[in-house]
Amino acid sequence: MTFGEQPAYLRVAGDLRNKIVDGSLPPHTRLPSQARIREEYGVSDTVALEARKVLMAEGLVEGRSGSGTYVRERPVPRRVARSGYRPAGGATPFRQEQADASVRGTWESSSEQAEAGAAIAERLAIRTGDRVMRTKYLFRENGEPMMLSTSWEPLAVTGRTPVMLPEEGPLGGMGVAERMRAIDVIVDNVTEEVGARPGLAEELHLLGGVPGHVVLVVQRTYFASGRPVETADVVIPADRYRVAYHLPVK
């Protein structure tokens, strides 16, 4: 193979991918069998199998037990709008994570005290092992799972206060900025870093994805006078959503 030439299995996968994208192989159509791929492209069984694996890893096809491999229906990506914290009047957890006021959603949550691992401790500028409140969220839009979030708040900030539990108490269910303001902690900055990775099995189970699907991960941290007071990982299925930012011009 010369420099820059694709391996055979990638060339076969690329041709099949093009057929899926241009509609020659529409959704719910059975993918050509391994034997058919071998004959049509003049490749070995190994190459045909690897090409099918590529398409499955990309989420373009899915296996159906006892039936074969079929082209998956490709959802039209929807938008997750983000514009930072909105302190005026408070913001529910759903509105905090999805800033589009026209979108209606619900959430489920659970909180528990935990020890900060090294990565979370670094993000919160605390020591490894310090106590934090960890809250896990599952967000739904029109009943469909759309987003996960796990947040960590240092108990050195919120412990023994009315807002220690994000979803309970007088400000339960409000956004971070509103809750922190109630204990005289003024959130004045928020940062977000966006990356992508394969979804973890438990994440894809909750979000309705299949193994190999990619998720977007928004790593968010709220600050008050330079001190991190909350950090979170927001997990969004990349095949169904796009993250859109609304940034003010200064």
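The values are calculated or read from the model by the stated rules, or taken from the named source; none is laboratory data. Just so you know, these numbers come straight off a predicted model, no measurement behind them. Reconstructed Cβ throughout: ideal geometry from the backbone, glycine too, with neighbour counts over all protein chains shown. These accessible areas exclude ligands, DNA and RNA; they are computed on the full protein's heavy atoms, side chains included. Shrake-Rupley method; radii C 1.70, N 1.55, O 1.52, S 1.80 Å.
What list of ³J(HN,Hα) couplings, whole Hz, do you get for the range 47-53 from phi and the Karplus terms 6.51, -1.76, 1.60, once you set θ to phi - 60° and write x for glycine and proline?
5, 4, 5, 5, 5, 5, 5
What ranking, highest mean first, results for peptides 225-238, 152-165, 5-18 when packing means the other Cβ atoms within 10 Å averaged over each residue?
Those peptides, ordered most packed to least, come out 225-238, 152-165, 5-18.
Report the normalised scattering of the chain as log10 I(q)/I(0) at q = 0.12, 0.13, 0.15 Å⁻¹, calculated by the Debye formula with identical scatterers on the alpha carbons.
-0.78, -0.85, -1.01
Sequence-distant or interchain residues sharing an amide H contact under 5 Å with T161, placed H: which?
none
I'd like the carbon and sulfur percentage of the solvent accessible area for the chain, probe radius 1.4 Å, heavy atoms only, ligands and nucleic acids excluded. Don't skip to the end; give the middle numbers.
Details: 6980 of 13350 Å².
Using a 1.4 Å probe with all protein chains present, the chain comes out at 52 percent carbon and sulfur.
For the range 167-226 and the range 6-28, write down the distance between their C-alpha centroids in whole Å.
37
Hey, what number do you get for the chain at 222 nm if only DSSP H runs of n ≥ 4 count, each worth -39500 (n - 2.57), divided across all residues, to the nearest 500?
-7000 deg cm²/dmol
Can you list the HN-Hα couplings for the range 67-79, worked out from phi with the Karplus curve (6.51, -1.76, 1.60; θ = phi - 60°), rounded to whole Hz and with x for Gly and Pro?
Those phi angles translate into 10, x, 10, 10, 5, 7, 6, 8, x, 7, x, 9, 9 Hz.
Under a plain spin-label model, where a point goes 7 Å from the Cα along Cα-to-Cβ, how far apart in nm are D130 and W107?
Label-label distance for D130 and W107, simple model: 2.3 nm.
For labels at S65 and E167 in the simple 7 Å Cα→Cβ model, what's the distance in nm?
Placing both labels 7 Å along Cα→Cβ, they lie 3.2 nm apart.
Residues with beta-carbon under 15 Å from that of I37, excluding I37: net charge, scoring Lys, Arg +1 and Asp, Glu -1?
Its environment carries a net charge of +3.
Please work out the average accessible area per residue across the chain, using the 1.4 Å probe convention, and give it in Å².
53
Output ³J(HN,Hα) for the range 179-191: one whole-Hz value per residue in order, computed from phi by the Karplus curve 6.51 cos²θ - 1.76 cosθ + 1.60 with θ = phi - 60°, and x for Gly and Pro.
5, 5, 4, 5, 10, 6, 10, 9, 6, 10, 7, 9, 10
Can you give the translational diffusion coefficient of the range 20-82 in µm²/s, computed by Stokes-Einstein from the Kirkwood radius over Cα pairs at 20 °C and 1.002 mPa s?
166
Given the range 124-250, report the % of alpha carbon pairs whose separation exceeds 17 Å. Write down the numbers at each step before the final one.
Details: 4966 of 8001 pairs.
Result for the distance tail: 62 percent.
Tell me, in nm to one decimal, what length is gained between A114 and E202 on full extension, where the rule is 0.36 nm per residue of separation less the Cα-Cα distance?
Value of the extension gain: 29.7 nm.
If r is the Cβ-Cβ distance from R160 to E193 and R0 is 35 Å, what FRET efficiency results, to the nearest 0.05?
0.65
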